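Read the structure below first, then the notes.
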Amino acid sequence: MMEASDDELVGGADELVEPPNGVINELLNVGQEDNMQGEVEEFLGPQAEYNEEEEERKYYRRKRLGVIKNVLAASVGAMIVYSVYMGLLQMQLILHYDMTYREVKYSNLGLEDIDRKMLMGINVTPIIGLLYTPVLIRFLGTKWMMFLASGIYALFVSTNYWERYYTLVPSAVAIGVAIVPFWASLGNYITRMAQQYYEYVNYKEEHVQEQKKLPKGACHRYIIIFQSVFNIIFHLSFVFAQFPMRFVLNHYLNDNQHILFNVNSCGANISGVIPGFNTTVLTNLPRSMLLIQVESVLMGFAFLAMIIFLLLCGAAYRPTEEIDLRSIGWGNIFQLPFKHLRDYRLRLLCPFFIYSGFEVLFAVSGFSLSYGVCILGLDKLWLLILVYGLSCSIFSSLCLGLLRLPRWVCLMGGAAVHAVLLVALLCFSLCPHPDKSTQYLGPLLVIIALWGLGTALNKTGVSILLGMLYAEEKERLDFVYTIYHWWQAIAIFIVYLWSNLPMRAKLSILLATLLLACYCYWVMERRLASKVPFRLPRIPRPRHKVKGYRYLEEDNSDESDSENEEDDDEEDGEQVAEEMGAEGGEEGGHDAEVQGADSPGARRRGAEG
């Protein structure tokens with residue numbers, strides 16, 4: 001009995017000493033949870049290897065590289081679009097001019113009438129661009145406006161597969177509708193990239209972190225560089241546009257003695273384009289399959305330009321900024337371009353806007369035809385335009401000198417070059433001699449190269465000047481560039497109307513416009529030096545709807561910084577501060593989250609706020 005009781009006691013002791021398996025598992029789980037919690041705290045805690053300033057610096061370096069990528073992509077895309085457009089249009093007009101081509105291929109279509117109406121659609125339609133361009137840009141956004149316009153140029157290329165009235169004329173009208181929005185978007189986009197680059201370089205500055213108005217002249221350096229790079233790349237479009245003419249059409253042209261047989265005079269003495277020019281310029285007709293292959297190559301490049309705009313170009317504004325730009329009301333957007341003409345700076349620059357449209361079209365259609373083709377023959381047209389494009393591209397780099405020189409140097413330098421050339425062209429006229437035409441090749445190439453020098457200084461200088469005048473007004477850029485390119489469209493329309501005028505009358509109009517432009521520019525610079533106040537229209541405050549997820553408070557936008565709104569902004573800021581103080585800390589935290597940038601440092605500052 002005693003032994004049995006001892007065994008039972010020992011067994012009971014064993015049962016007390018050995019805990020059940022469930023208790024052991026629970027103890028192990030508790031230990032694992034402690035270890036996991038320690039690992040999580042170690043992972044979420046401050047890392048010895050993590051350098052927040054270094055990460056922020058790398059972040060903004062990537063942002064700066066993205067801005068450079070955007071500028072190069074927009075420049076290359078615009079260059080490809082206009083290379084395709086000008087190359088196809090030039091080849092199309094030469095083919096349609098030949099009487100044999102019209103009679104054999106399209107005898108009953110009336111290609112001459114179609115070409116006249118097509119040119120009318122391209123040149124006349126842009127004069128109404130001021131009415132719809134700002135609305136389109138604000139509705140679609142700057143990037144998507146460039147993409148849509150490049151698609152319209154691609155549509156124009158596609159219609160040449162089937163040359164009919166109902167394909168060519170509507171596509172030409174669509175080109176005319178897209179010209180002003182396309183160029184206004186490009187000018188706005190390049191200037192916005194300069195502003196963004198400044199913000200990413202000076203991301204530690206207080207006015208950048210709080211998204212306030214930039215200091216005066218802060219981003220002028222980047223505007224000069226980016227606009228110069230854009231014009232260097234874009235003017236190469238004149239070079240690539242001559243490839244179809246040089247490698248395809250030149251093999252089918254008649255000799256100069258046949259083409260210029262009835263031409264009696266060239267230069268300043270003529271009226272119209274080339275009086276007496278032969279209507280049969282082709283020895284034999286190009287094969288239809290060859291023309292289809294050329295148009296297919298051009299179509300492929302047009303699609304490439306669309307892809308570049310779509311995939312490689314980033315947004316010009318932040319999403320909240322684009323919403324603010326649209327939220328001022330479509331009626332106000334429609335009216336503001338007209339109200340911006342109250343600014344005497346824009347009014348006094350209008351003659352330069354008009355002259356910049358005059359001189360480019362005179363180079364590619366006036367001088368190159370009435371002087372170049374009339375003396376050298378049609379087979380040298382490609383060489384004249386190619387030299388002009390190379391000259392424009394190379395000499396656009398001279399505008400980088402504005403980093404050290406006053407801003408009037410480019411405009412006045414280009415105007416001086418063109419004034420001398422216009423006076424020389426007024427005195428230059430001769431009778432064509434096909435046998436001796438080669439001796440005039442060198443002087444004509446020098447003249448067209450010098451004209452390209454003036455064009456480069458003029459076009460690049462005007463774009464830089466507008467960017468510098470309105471560098472701190474990012475909500476006005478689309479209106480300003482719309483006015484600029486609308487006046488250029490008016491100039492294109494005038495050139496279209498004067499095609500039958502005497503050459504001396506055309507040159508006199510060009511010279512008078514140039515002198516008027518120089519005088520008005522001098523008046524503008526003198527007023528600015530005297531600090532004469534200019535009048536800017538008030539940009540209405542964005543009217544945000546209370547619905548949706550984008551805005552959870554009333555005041556969260558980039559307001560116009562005109563003098564008329566400063567008092568209103570201060571009052572609204574005080575009112576918002578009082579409301580936030582009454583509502584508590586949650587509203588303040590949300591405000592820091594919305595207004596902060598999307599960087600590591602900004603997230604840290606938002607958390608601290």
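I want to confirm something. Restricting to the range 324-362 and keeping residues that are among the polar types (S, T, N, Q) and part of a helix (DSSP H, G or I), which single residue is most open to solvent (accessible area, probe 1.4 Å)?
Going residue by residue through the range 324-362, those that are among the polar types (S, T, N, Q) are 327, 332, 335, 356.
In the following step, the residues that additionally are part of a helix (DSSP H, G or I) were identified as 332, 335, 356.
Values: N332: 43, Q335: 82, S356: 1 Å².
Here the residue is Q335.
I'm trying to understand the selection: among the residues of the range 291-323, which are hydrophobic (A, V, I, L, M, F, W, C), open to solvent by 50 Å² or more (accessible area, probe 1.4 Å), closer than 21 Å to Y197 by Cα and not in a loop (DSSP other than H, G, I, E, B)? Steps first, answer last, please.
The first filter runs over the range 291-323 and keeps only residues hydrophobic (A, V, I, L, M, F, W, C), leaving 291-292, 294, 297-299, 301-313, 315-316, 323.
Subsequent filtering for residues that are open to solvent by 50 Å² or more (accessible area, probe 1.4 Å) retains 292, 297, 301, 303-304, 307, 310-312, 315.
Narrowing further to those that are closer than 21 Å to Y197 by Cα: 310-312, 315.
Those that are hydrophobic (A, V, I, L, M, F, W, C), open to solvent by 50 Å² or more (accessible area, probe 1.4 Å), closer than 21 Å to Y197 by Cα and not in a loop (DSSP other than H, G, I, E, B): L310, L311, L312.
Which residues, taken from the range 403-418, are under 22 Å from R526 (Cα atoms) and in a helix (DSSP H, G or I)?
First, the residues of the range 403-418 that are under 22 Å from R526 (Cα atoms): 403-416.
L403, W408, V409, C410, L411, M412, G413, G414, A415, A416 - these are the residues of the range 403-418 that are under 22 Å from R526 (Cα atoms) and in a helix (DSSP H, G or I).
Is it the case that I232 is more than 16 Å from E473 (Cα to Cα) and either out of contact with any Ser or Thr (no Cβ under 7 Å at 6 or more places or on another chain) or open to solvent by less than 40 Å² (accessible area, probe 1.4 Å) (or both)? So that I can check it myself, show each step before the final result.
Numbers: more than 16 Å from E473 (Cα to Cα): yes; either out of contact with any Ser or Thr (no Cβ under 7 Å at 6 or more places or on another chain) or open to solvent by less than 40 Å² (accessible area, probe 1.4 Å) (or both): no.
Considered against the rule, which asks whether it is more than 16 Å from E473 (Cα to Cα) and either out of contact with any Ser or Thr (no Cβ under 7 Å at 6 or more places or on another chain) or open to solvent by less than 40 Å² (accessible area, probe 1.4 Å) (or both), I232 comes out as no.
Condition check ((1) more than 22 Å from Q227 (Cβ to Cβ); (2) touching a Cys at 6+ places or on another chain (Cβ under 9 Å); (3) open to solvent by 40 Å² or more (accessible area, probe 1.4 Å); (4) at pLDDT 90 or above) across all residues:
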| position | (1), (2), (3), (4) |
| --- | --- |
| E49 | yes, no, yes, no |
| A73 | no, yes, no, yes |
| V81 | no, no, no, yes |
| G87 | yes, no, no, yes |
| D98 | yes, no, no, no |
| R102 | yes, no, no, no |
| Y106 | yes, no, yes, no |
| D115 | yes, no, no, no |
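Evaluate the following for I224: is it open to solvent by less than 20 Å² (accessible area, probe 1.4 Å), over 30 Å from I127 (Cβ atoms) and in a helix (DSSP H, G or I)? Walk me through how you get there before you give the answer.
Details: open to solvent by less than 20 Å² (accessible area, probe 1.4 Å): yes; over 30 Å from I127 (Cβ atoms): yes; in a helix (DSSP H, G or I): yes.
It is true that I224 is open to solvent by less than 20 Å² (accessible area, probe 1.4 Å), over 30 Å from I127 (Cβ atoms) and in a helix (DSSP H, G or I).
Between L400, L390, L381, L386, which is in a helix (DSSP H, G or I) and open to solvent by less than 30 Å² (accessible area, probe 1.4 Å)? Walk me through it before giving the result.
Values: L400 fails: open to solvent by less than 30 Å² (accessible area, probe 1.4 Å); L390 fails: open to solvent by less than 30 Å² (accessible area, probe 1.4 Å); L386 fails: open to solvent by less than 30 Å² (accessible area, probe 1.4 Å).
Every option except L381 fails the conditions.
Residues that are surrounded by fewer than 17 Cβ atoms within 10 Å (Cβ to Cβ), more than 25 Å from L130 (Cβ to Cβ) and among the hydrophobic types (A, V, I, L, M, F, W, C): does the range 159-170 have at least one?
yes
For the subset of the range 144-155 comprising residues that are of a type outside the set (F, W, Y) and either within 13 Å of A174 (Cβ to Cβ) or open to solvent by 40 Å² or more (accessible area, probe 1.4 Å) (or both), which member is farthest from the chain's Cα centre (by Cα)? Let's see the steps before the verdict.
Going through the range 144-155, the residues of a type outside the set (F, W, Y) turn out to be 145-146, 148-152, 154-155.
From what is left, the residues that are either within 13 Å of A174 (Cβ to Cβ) or open to solvent by 40 Å² or more (accessible area, probe 1.4 Å) (or both) are 148-152, 154-155.
Working: L148: 13, A149: 11, S150: 11, G151: 15, I152: 16, A154: 17, L155: 20 Å.
Per the stated criteria, the residue is L155.
The values are calculated or read from the model by the stated rules, or taken from the named source; none is laboratory data. What you are looking at is a predicted structure, and each value in this text was computed from that prediction instead of being measured. Here Cβ is always computed from backbone atoms with ideal geometry, including for glycine, and neighbour counts include all displayed protein chains. SASA here: full protein model, heavy atoms, side chains in, ligands and nucleic acids out. Shrake-Rupley method; radii C 1.70, N 1.55, O 1.52, S 1.80 Å.
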